[in-house]
Amino acid sequence: MGNKLCIHCQDALQTDLEVALTAKSGKIEPRLRANLERLWDKLTDEHRSELDAVRLALQRRVMSMEDNLKAVKAAAQERETNMKALIAELQRQNESLQIQYEDMEAGLSGRVEELTEELLTVRSQSEQTIAELQGKAHELTEQHIALQTSTGLAQAITVDKTNALSDKIEVLGFEKKCLEVQVEELDRRQRIESPLHQAARTNNFTAAKVLLAENAVGVDLLNAIGYSALHVGALSGHVEILKILLENKATVELQDDEGNTPLHLAAQHGRTDTIALLIWGLPKDMDPEIPNKAGETPMQIAEKAQLGYFVRTYEKVRQQKLVKERENQGLVFLKERLDELGITGYDIKGVAACRVTATASFDKGVPMALKLDKCLILDEGAIGVAKFLSTTTTLQNLSLISNDISDPGAIALAGALVDNPYLHRLSLWNNRVEDEGATAIAKALQSNAALLELNLVSNQVGNLGAAQLGNALQGNYSLRVLHLGRNLISDSGAEELAKGIEQNDSLEKLSLEWNNLSDRGAAALTSALETNTALVYLSFYGNPKISAPQKEALLAMGTEKRRVL
């Protein structure tokens with residue numbers, strides 16, 4: 001019981017001691033002292049020793065806590081000192097930077113004033129120099145007049161004085177020329193874009209229309225770098241602006257300071273939507289391939305920039321324009337010949353039309369494209385055309401559509417083709433050509449290296465004619481397009497054509513629609529396409545005897561680069 005009491009006493013005493021030791025005042029209250037004394041009397045020596053040990057441990061703990069607190073205070077004071085030092089350093093640097101900024105600002109302000117004064121001085125000197133040069137130029141002009149009008153004065157001048165005066169005149173003339181160049185350059189540099197240039201740049205169609213309608217500015221007015229409004233429109237790719245400028249006779253071939261036409265600028269930026277407008281806007285017979293000062297044409301610029309689509313579109317439109325111009329030349333020339341022969345528009349058929357073409361080779365300005373479609377010239381007229389074809393060296397396109405031409409006329413035309421290196425396209429669409437006529441044309445193809453396209457659609461060509469054409473393909477490397485749709489060709493003819501395709505690497509397009517093919521002919525064509533890589537278009541629709549599986553097999557030969565239908 002005593003031990004328990006002692007233990008309780010010890011706990012109570014320890015608590016009181018901790019309170020006493022940790023008190024800020026360091027003094028023990030009377031009540032607490034009385035409790036301590038009362039408890040102390042009850043303690044045994046052993047308990048007192050334990051209590052002393054506890055007291056010592058508590059004292060050491062308190063001392064340790066005090067040491068830690070001192071260390072924390074010292075660290076806080078050191079950090080505070082460092083922060084004050086850092087703030088002071090930052091304030092010092094800020095003051096230094098402020099001083100440097102003020103010095104720099106003052107220096108720049110002074111430098112600007114100096115430069116402004118220097119520029120004003122230079123400008124004043126330049127104006128004075130220009131005035132002096134103008135005076136010298138005026139004086140020189142008066143001297144020239146005096147010399148020209150006063151013979152006595154000219155005779156009185158000695159040789160030495162004449163030489164000296166000549167030297168002076170030469171110097172003053174050079175100065176006058178320099179002055180004129182300076183004034184011209186100054187005027188050019190001071191020119192700003194006209195309202196029409198700004199309308200073209202911003203695609204303001206309404207403003208451009210008003211300016212052109214009121215003739216407020218010239219349509220070909222140039223800005224400081226030699227751009228017309230058409231240059232600006234081509235550079236920006238504004239199609240509607242280009243249209244209205246071209247309608248108002250803007251000059252397409254106009255070149256800027258670097259020799260660039262609007263087409264050059266369109267090529268530099270790949271403006272494919274403006275190609276047709278600009279090319280068709282060129283004067284008649286003018287090739288758009290005008291070089292700039294660097295020697296580059298629009299096509300070369302596009303190729304250099306690897307603008308493949310632009311190049312293809314550009315060349316396509318360019319060729320269309322050339323063909324159209326040639327066709328127009330042919331129509332104009334033909335009209336002149338008709339007028340000379342007293343043939344009216346109602347008489348253009350049969351022999352009358354052929355009289356025109358037969359005599360055309362003896363005149364200048366022979367048409368390069370001739371269309372005699374639906375003229376009912378028959379075989380007699382075709383023979384006349386063949387005579388003309390055998391003599392002309394310029395005709396490239398000949399169209400004889402729907403003229404009721406049969407084998408005799410086709411044979412005559414074939415004879416003219418044998419040695420003709422000029423004709424590129426021949427169309428006999430919708431006539432009555434049979435195997436004999438087709439055979440004659442096929443034999444001509446074996447020696448003709450110029451014909452690119454042959455159209456025999458809607459005739460009466462059968463297997464024999466198709467076989468001869470297939471045989472011709474094995475030795476002809478110029479023909480690109482062969483139209484044989486709506487004829488009488490069946491499997492044997494298709495097989496011979498397939499053999500020709502296998503040996504030919506130039507034919508790109510073959511049409512066999514609406515014939516009499518079945519599975520055997522379709523299979524032969526399928527086999528030919530497995531080895532031929534040149535053919536990019538084949539049409540065979542309208543042959544109902546071909547089964548669905550064989551049709552699918554042939555259609556499967558189509559690729560991204562080859563169209564089969």
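Bear in mind that the values in this text are calculations on the coordinates, not laboratory data. Source: prediction; values computed, not measured. For neighbour counting, all protein chains shown are included, and Cβ atoms are generated from backbone atoms with ideal geometry for every residue, glycine included.
Counting only Cα atoms, the stretch 495-565 measures 29, 26, 18 Å along its principal axes, largest extent leading.
Estimated at 0.36 nm per residue, the fully extended path between R520 and D505 surpasses their Cα-Cα distance by 3.1 nm. Normalised by the number of residues in the stretch 380-431, the average gap of Cα pairs under 8 Å and 6 or more apart makes the relative contact order 52 percent. Distances between placed amide hydrogens fall under 5 Å for R271 paired with no residue 5 or more residues away or on another chain. Contact order for the stretch 383-536, expressed relative to its length and based on alpha carbon pairs under 8 Å spaced 6+ residues apart, stands at 18 percent.
If eta is 0.890 mPa s and T is 25 °C, what Stokes-Einstein diffusion coefficient results for the stretch 367-520, Kirkwood Rh from Cα pairs, in µm²/s? Translational diffusion coefficient: 163 µm²/s.
Using only alpha-carbon positions in the stretch 444-551, the gyration tensor eigenvalues give semi-axes of 21, 15, 11 Å once each is multiplied by 5 and square-rooted (largest first). If the segment from E50 to E247 were pulled out straight at 0.36 nm per residue, it would be longer than the present Cα-Cα gap by 58.9 nm. Computed from the C-beta positions of D103 and A294 and an R0 of 56 Å, the FRET efficiency is 0.65 to the nearest 0.05.
Listed peptides 497-506, 545-554 appear in the order 497-506, 545-554 once ranked by packing, highest mean of other Cβ atoms within 10 Å at the front. Shown in residue order for the stretch 373-383 are the 3J(HN,Hα) couplings computed by the Karplus curve 6.51 cos²θ - 1.76 cosθ + 1.60 at θ = phi - 60°: 6, 6, 9, 6, 7, 6, 5, 4, x, 4, 5 Hz (x for Gly and Pro). If you take the beta carbon distance between Q77 and R38 as r and set R0 to 51 Å, what does 1/(1 + (r/R0)^6) give as a FRET efficiency, to the nearest 0.05? E(calc), rounded to 0.05, equals 0.65.
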